[in-house]
Amino acid sequence: METEGGYELGGVITNDRKDDMTPESTMQNMHCIHPADLFPFTRKPMLIIVDSDNAKAFSHLPDLFGQPVICLMASEELPHSIREHFTRGRLLTTFLYSPIMAFMLTCGIDQTSDRLYERCEQVVEKALYEAQRSYLRSRTIDHSFLQFFGDEFIRLILLRFAFCYCTLRLHRAYKHYLKKTLLATLLSTKL
């Protein structure tokens, strides 16, 4: 049986345990979230964060209800030098949770003094604030995107994603990998 309508590109595994499945079983990918599983939720504005090797499966969500959907997707691959730091979790998740720690790991720095860490936090906070001001003043950013800025938590996530993107774009070792997926997709009838 051929799959269609948001299931053909696969999805994101939510449970890595192996279930005993017989070949005649019709339950395929039981522990996997596919893009089509999210279709009903796109009736309202939605932010999706996909930090997976198969993030690209979510890059083509259809605009079914005319509401903006932002999908933040991770890079499919990382340089060999950074993979060992992310045995549990991934780079995008680390940037969204702790931008300074992710920045340090990206640059190969394992530890630093508390004072320097706090100073770096201040610099990043100032940069995020300036980025926020630039976004809000911009006349080229889609209005649908800016409506997400009303929620403080989502605004923080979007700004940290921008910091992640800029960090990896400017880092020599990541330029090749950045092109493979790390991007934000805004799906809207206005685009």
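Listed values, structure above:
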{"quantity": "Some residue of the range 94-116 being without any contact (Cβ under 8 Å) to a residue 12 or more places away in the chain and closer than 15 Å to LEU72 by Cα", "calculated": "yes"}
{"quantity": "Number of positions in the range 43-57 that are in contact (Cβ under 8 Å) with a residue 40 or more places away in the chain and either aromatic (Phe, Trp, Tyr) or over 23 Å from LEU91 (Cα atoms) (or both)", "calculated": "1"}
{"quantity": "Residues of the range 111-163 that turn out to be under 13 Å from LEU47 (Cβ atoms), of a type in the set (Lys, Arg) and surrounded by fewer than 16 Cβ atoms within 10 Å (Cβ to Cβ), as a count", "calculated": "0"}
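Readers should treat all values here as calculations from the given coordinates under stated rules, not as data from a laboratory. Small disclaimer: the values here were computed from a predicted structure and weren't measured. Virtual Cβ from ideal backbone geometry, glycine too; neighbours counted across all protein chains shown.
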